[in-house]
Each structure stands twice: as structure tokens, then as C-alpha cells.
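Everything below concerns the one structure shown next.
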Amino acid sequence: MTVRTPSPGIAAAVVVDAARVLLVRRRPGESGLRWQFPAGAVEPGESAGEAAVRETREETGLHVAAVRPLGGRVHPVTGRWIAYTACAPVGGEARVADTAELDAVAWARPSALPRYLPGGLHPAVREYLDALPG
């Protein structure tokens with residue numbers, strides 16, 4: 001089933017590999033957030049999962065596959081509606097591919113996420129990450 005997001009919507013990819021989560025660091029002033037999941041606007045006719053996959057590739061060069069939707073919320077920092085999609089790497093290496101928007105990428109253990117994401121996690125994202133092995 002494909003879930004379409006309200007317009008305008010933001011899609012975020014929760015990319016997990018070897019019990020680590022991919023984070024990107026936005027350039028100052030880019031979105032009001034520094035560290036976050038790879039994310040961006042959902043284009044017309046695109047599902048949140050498709051946008052999460054595309055944004056991850058455009059921002060980090062990493063090719064991922066959407067695993068399942070994790071839900072959505074109004075983000076507590078940006079006030080924008082955001083849909084989260086669990087994703088798994090299928091090729092490439094994570095790096096800063098979009099130098100206009102990003103200045104760093106990192107793989108973090110779920111236990112370290114509060115240091116990176118002071119706005120907290122969507123409960124469904126937290127539940128997904130808490131269920132990971134290791």
C-alpha cells in the first residue's frame with residue numbers, strides 16, 4: 001500500500017544499518033535543525049516512501065529501499081508535517097552529496113540520538129529503533 005502525504009509534506013528516511021542510524025547535518029540556517037534524518041519535500045504524485053528514498057540518494061549518495069512507513073506528525077521544532085519511513089541501504093556509501101544543504105553525515109547508535117535530535121523522536125520511530133537487535 002502506498003501512503004500519500006498531505007501537501008505540502010516532508011518525508012524523512014530512518015535508515016538503519018548494523019544497528020546504526022543515518023543522520024545528516026544541515027548547514028546553518030537551512031531548516032532550523034542541525035542534525036536530522038535525511039529528509040525533504042514530497043513532490044506532487046510522490047509517496048512519502050518514494051520521497052524518503054529519493055531525498056536520501058540526493059543528499060547522501062546512499063541508495064536505500066523503503067521498508068515500511070512509521071507514521072507522521074507535525075514536527076515540534078519546524079511545525080511542518082513530516083512522514084517517517086524505515087529504510088535499508090541497498091548500495092553506495094553515505095557521504096555529503098548535496099553540499100548546498102549538508103555539511104556532514106554520521107551513523108549513530110539509537111542510544112546516542114538524544115544528543116543529535118533534541119526535539120525528540122516520533123513515538124513510532126522510537127518504537128522501531130528500540131526493537132532493533134543490538
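The values are calculated or read from the model by the stated rules, or taken from the named source; none is laboratory data. Given the structure is predicted, the values throughout are model-derived calculations rather than measurements. So basically every Cβ, Gly included, is an ideal-geometry build from the backbone, and we count neighbours across all protein chains shown. Ligands, DNA and RNA are stripped out before the accessible areas are found, and what is left, the full protein with its side chains, is counted by its heavy atoms. Shrake-Rupley method; radii C 1.70, N 1.55, O 1.52, S 1.80 Å.
Six or more apart or on different chains, Cβ under 8 Å: which pairs go from a residue in the range 68-86 that's polar (S, T, N, Q) to one that's not in a strand (DSSP E or B)? Could you list them? From the range 68-86, the pairs are 78/31; 78/32; 78/33; 85/48; 85/49; 85/52; 85/53. Within the set 53, 67, 77, 42, the sole residue that is in contact with a Leu (Cβ under 8 Å, 6 or more places away or on another chain), under 20 Å from residue 22 (Cα atoms) and open to solvent by 10 Å² or more (accessible area, probe 1.4 Å) turns out to be 77.
Could you check the range 52-84 and list, in sequence order, the residues that are under 13 Å from residue 14 (Cβ atoms) and in a helix (DSSP H, G or I)? Once the filter is applied, which keeps residues that are under 13 Å from residue 14 (Cβ atoms) and in a helix (DSSP H, G or I), the range 52-84 yields 52, 53, 55, 56.
Before we move on, is residue 132 in contact with a Pro (Cβ under 7 Å, 6 or more places away or on another chain) and not in a helix (DSSP H, G or I)? Here the answer is yes, as residue 132 does meet what is asked. With respect to residue 92, determine if the residue is modelled with pLDDT of 95 or more, on the phi > 0 side of the Ramachandran plot and either open to solvent by 50 Å² or more (accessible area, probe 1.4 Å) or in contact with a Phe, Trp or Tyr (Cβ under 6 Å, 6 or more places away or on another chain) (or both). When the stated conditions are applied, residue 92 passes them. Considered as a group, the residues in the range 101-131 that are closer than 16 Å to residue 56 by Cβ and of a type in the set (A, V, I, L, M, F, W, C) include one that is surrounded by the most Cβ atoms within 10 Å (Cβ to Cβ), and that residue is 125.
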